[in-house]
1. Give me the accessible area per residue for the protein assembly as shown, probe 1.4 Å, as a whole number in Å².
2. What is the projected area of the convex hull of the Cα atoms of the range A:291-337, averaged over all directions, in nm²?
3. With charges only on Cβ, +1 for K and R and -1 for D and E, what is the dipole size of the range B:268-408 about its Cα centre, in debye, rounded to 20?
4. Note the buried accessible area between A and B here, summed over both chains, with a 1.4 Å probe, in Å² to the nearest 100.
5. Would you work out if the range A:54-97 is rounded, prolate or oblate? Take a ≥ b ≥ c from the square roots of the eigenvalues of the alpha-carbon gyration tensor; rounded if a/c is under 1.5, else prolate when a/b is larger than b/c, oblate otherwise.
6. Apply the a/c threshold of 1.5 to the C-alpha gyration tensor of the protein assembly as shown and tell me whether it is rounded, prolate or oblate.
7. Compute the FRET efficiency between A:Ile106 and B:Ala367 as 1/(1 + (r/R0)^6), taking r as their Cβ-Cβ distance and R0 = 35 Å, and round to the nearest 0.05.
8. Please give the average number of partner chain Cβ atoms lying within 10 Å of the Cβ of each residue in B:109-119, rounded to a whole number.
Number of protein chains: 2
Amino acid sequence: MPPATAINNLINELSHLELITDPVQIAKLSLDYYYFSPILEPKLKEKRADLVLRPQTEAEVIQIAKACVKYKIPLTVRGAGTGNYGQCVPLAGGVVLDTTKMNRIINLAKGIATVEPGVKMAAFDKKAAKIGWELRMAPSTYRTATIGGFIGGGSGGMGSINYGVLRERGNVQGLRIVTLEDEPQIIELRGDEVQQVNHAYGTNGIITELEMPLAPSYPWAEIIVTFDDFMQAANFGQALGNSDGIIKKLISIHAWPIPTYFIPLKDYLPVNKSVALLMVSEYDLEALSDLVKEYSGDITYRKTQKEASKGTSLLEFTWNHTTLHARSTDPRLTYLQTLYLTLERVEHFYNHFPNEVMIHLEFFKFAGKVIPGGLPLLSFTSEARLDEIIDYHEQQGASISNPHTYILEDGGSKVIDPLQLAFKERVDPYGLLNPQKMRGWDEKT
Amino acid sequence: MPPATAINNLINELSHLELITDPVQIAKLSLDYYYFSPILEPKLKEKRADLVLRPQTEAEVIQIAKACVKYKIPLTVRGAGTGNYGQCVPLAGGVVLDTTKMNRIINLAKGIATVEPGVKMAAFDKKAAKIGWELRMAPSTYRTATIGGFIGGGSGGMGSINYGVLRERGNVQGLRIVTLEDEPQIIELRGDEVQQVNHAYGTNGIITELEMPLAPSYPWAEIIVTFDDFMQAANFGQALGNSDGIIKKLISIHAWPIPTYFIPLKDYLPVNKSVALLMVSEYDLEALSDLVKEYSGDITYRKTQKEASKGTSLLEFTWNHTTLHARSTDPRLTYLQTLYLTLERVEHFYNHFPNEVMIHLEFFKFAGKVIPGGLPLLSFTSEARLDEIIDYHEQQGASISNPHTYILEDGGSKVIDPLQLAFKERVDPYGLLNPQKMRGWDEKT
C-alpha cells in the first residue's frame, strides 16, 4: 500500500480534477462482480483504492499518470466495473482511474468509429443505429459496460457468432494509450499492434481512445425455442450457427433446470424443457422457423426488435447474466468458462456431472468455425472439488478460462504473453499499472 | 421435336406476344457457354428452339404455358444464358421462354427484395446500394446474368464466403411459379418449399417472381496478393476465410501459370507467382495487410470500390471467368468443379497432376465452415482421360460437380431429388419443361 504522505501529495497535486475520497464511493468503485466466484470473494472483498480519479480528457489522464509516477502510486483503470474476476480491483490500493466521464464519440462513420474508453456500449449503438451500424460484439452487460472496459477485460458476447472474439484480428483497429513513464507519452497502436494491450486488464497503458470496426445493424428479433431434450437444443444451436443463410447475433442454450432461474421469463419456459435464447434478423425468421421445425423445437416467445426494446432483452439472460440470475435464486452457485469445441464433448460433460454441473452453452466463431463454448453453472462445495472439475474438463480436451483467478495469464491463455510483457516493460517501468495482475511481470522481478 | 403444325398453331395463337423466329436470333437464344466443355460441345451445338417467346408479365407467361400444354410443345426457360452446361439449351426444340423482359423490381427494402426473374444482378445491386444493401451472392457473370437464371441454374459465387451457396436455407426466401397444366396455376413457395425448384434448371415450373434476402453492402476494395509458393497462397486464402474480423466477399486463388491468362492484369502478376484475387471491405484493409504480411504475400494491386468501378472488376477473373480467360489463350483448356474440402487434399492434387491440372480455388462457406472449392483447369486430351481424372478426384475424397453433363442429377448431387421429381409430377404432368434434363423423370417413364 502506498504511504499516506504520498497519497496526500497526490491529492494536493490533482485537487483540480474530479477526485473521490468518500469511503462508500471508493468501495463501490474498487470492486466488480468478483463475488460470482467463491474463491475470489474472500480474496478481493476488502480491496480498496485510496482514491478515485475521474478524468474527462486525455490531458487529465496525462496529469494523473505523471503524478502517480512521481509519487510511485499504483494506478488501476476501471470502466463500469462489470468484470467478473477482479480485472479492475486495485490489489495494492492507490488510484482507481474511472474512465466513465471520458465518454465522447470522437468519430462515427459507416463501418468504423473512434471513441473514448468510457463510452457505454448500448448508448453508442443507439447512435450508430441511426446510420445503420452497431458494435460488432458486446457482453451481456451491454447496457452499462464501457467500450474501454470491454477491450481491457472482456473477450466476446453477442455478435461473436459472426465476428469471433475481440482478440480476432481486425476487431480492434487502433487505440491510443498514455504511458506511466516519468514523462508520460501518448502511443498510438494500429492493426496487430493493439494485441499488446488488448485484454491486458490495463496493466500496460491507459487507453484513452479506441478505433472500433462496426457491423451493419439488423432489426434483431428475440426468440425463445424450447426442446424436450437438451442435446436436441444443443444440436439446434450448432445447426443455427452453421446456417450461413440465417443471420443471427446470439445463440444461447440452457439445459433444464437453468430456465427455472429466469423468473421474468417463466411464462415462456415450460417445465423440463431445455431452451435456446436467440437473436435473429427479422428478415430471416421464416428460415428460422423451418430450422426449428427440423429440430422439433417450439417457439414460445418471439418479439420484434421494436417490441423487445420495450422490455428486458433476452441478452440479459445469456453469457454471464445467466450466472447472475442463477445466483439470485441460489447464491451457492458459481460457474466455469469452457471451450467445449465439439458437441460430443458437450454431451460427455452433460452426462458425466448429471447433478453437479448445469450446462449453459454460448455458440461463437473461433478461427472461422462455429463452436460451443459455455458458462456452465455448478454448486460450490470446496475449492478442491472445483479444481477437480476444472481438471477433468481439461483432461477431456475442453479448455477452461478459469474465472476463479484475477491473474491475467492464469485465467485464459495459461502462458505469459511476451508481447504484453515487453510492452509493459516499455510503458510501465515502475510496475504501477494494476499491480499483481500480470504474472509475467511479477515473476520477472 | 414438335411437329411443324403444332408450332404453327402456337405461333398463331401467341402472335400478339414478342415472338422470335429469326434463325440467327434463335441460335443465340438456344445456347449458353456449354462449349467450355469439349464433351458437351458436340452434343449441344446443334440444339435449337423452334421459336423464342419473350413475355413481359406473368399473365403472358400463363398464356404461353397454356398454349404449350395445348399443343404439347416443350418449353425451356432462359435468363441471360450465362450457364456453362446447357441448363437452358432446348434439347427437344419447341419454345425457349426468354425472361429478360420480366425485369421489374417489385419491392426493394432493407434486407429483402421481390423481383421478377429477368432482373440483371449488377443492375439490381446498383439500385439496392442506394439503400445500403446488395444481393447476398452472385456469379462472375454478375453484369449480365439474371436473378432467375442464377436460381434456376447457378449455385454460388462472390458472397458465398459469407452466406454459403444458394441452396443454403434462407438464401431464397420465396418464389412464384406458373405450372404447365391444362389450366396453368400460379403456385407460391416459401421457406424450405423453394428447394423444390431451386437449381432445377426450370424443369418443374416457370419462375415468375422471387423473394431474395439481401446483404448489407460494404465498399468492396479489390486486391491482388502474390506469393512465391502456391500452397502459401492457398493457406493464406483459408486464413483469410477464417478471419472473422476481416469482412470479405471473394477469395480466389490461382496457381501459376493461371495468372498468365489474365492478360489485362499482367502488370500486377509477376512471373512464377501464385496469386489471390480478393474483394475485402475497405474498412478492414489494415487488418488484411497484417494477414498478408503473416503469410509473406505482396500486395501488387489495391483499388477502392470507386476506383474499381471504373474498370473491369477482379470478379471477372474468378469463378468460371477464369476458365473463360484461359480458353481465350488456349481453347483446348477445360475445367472441373471440385469440392476439395481441405487444404491437404488441395496439396495432394497440386502435386499429383503437376503438368496436367492447374489449381484454381474459390473459398466459400459450406455448412458453417470455410472450405476450398475450385474450378481447376486442364488441357483436354480425351473423354477417357477426363473421366480418369474425375474418378481419381472422387477416390481421394474430393467431390466433383461434373460440368461435362447437362443432366441435372449427374452434375451435382448424383442422386435423384425426390422433392424436385415429385414437384415436377405435380406441375408438369406432360413433361414439357426443359425435357431430357431431369434423369429422375426420364427413368420413371
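1. Working: 32800 Å² over 890 residues.
For the protein assembly as shown, the solvent-accessible area averages 37 Å² per residue.
2. Working: hull surface 20.3 nm².
Its average projected convex-hull area is 5.1 nm².
3. Details: 12 positive and 18 negative charges, 81 e Å.
Using Cβ point charges on Lys, Arg, Asp and Glu, the range B:268-408 gives about 380 debye.
4. Numbers: alone 17850 and 17890 Å², together 32800 Å².
Interface between A and B: roughly 2900 Å².
5. Working: a/c = 3.87, a/b = 1.40, b/c = 2.77.
Taking the square roots of the gyration eigenvalues as a ≥ b ≥ c, the range A:54-97 is oblate.
6. On the way: a/c = 2.35, a/b = 1.92, b/c = 1.22.
Verdict is prolate for the protein assembly as shown.
7. Values: r = 41 Å, r/R0 = 1.18.
After rounding, the FRET efficiency stands at 0.25.
8. Numbers: counts 1, 6, 8, 4, 0, 0, 0, 0, 0, 0, 0.
The mean count of partner-chain Cβ atoms within 10 Å per residue comes to 2.
The values are calculated or read from the model by the stated rules, or taken from the named source; none is laboratory data. All values reported here derive from a predicted model rather than from experimental measurement. Glycine also receives a Cβ, built like all others from the backbone with ideal geometry; neighbour counts cover every protein chain displayed. These accessible areas exclude ligands, DNA and RNA; they are computed on the full protein's heavy atoms, side chains included. Shrake-Rupley method; radii C 1.70, N 1.55, O 1.52, S 1.80 Å.
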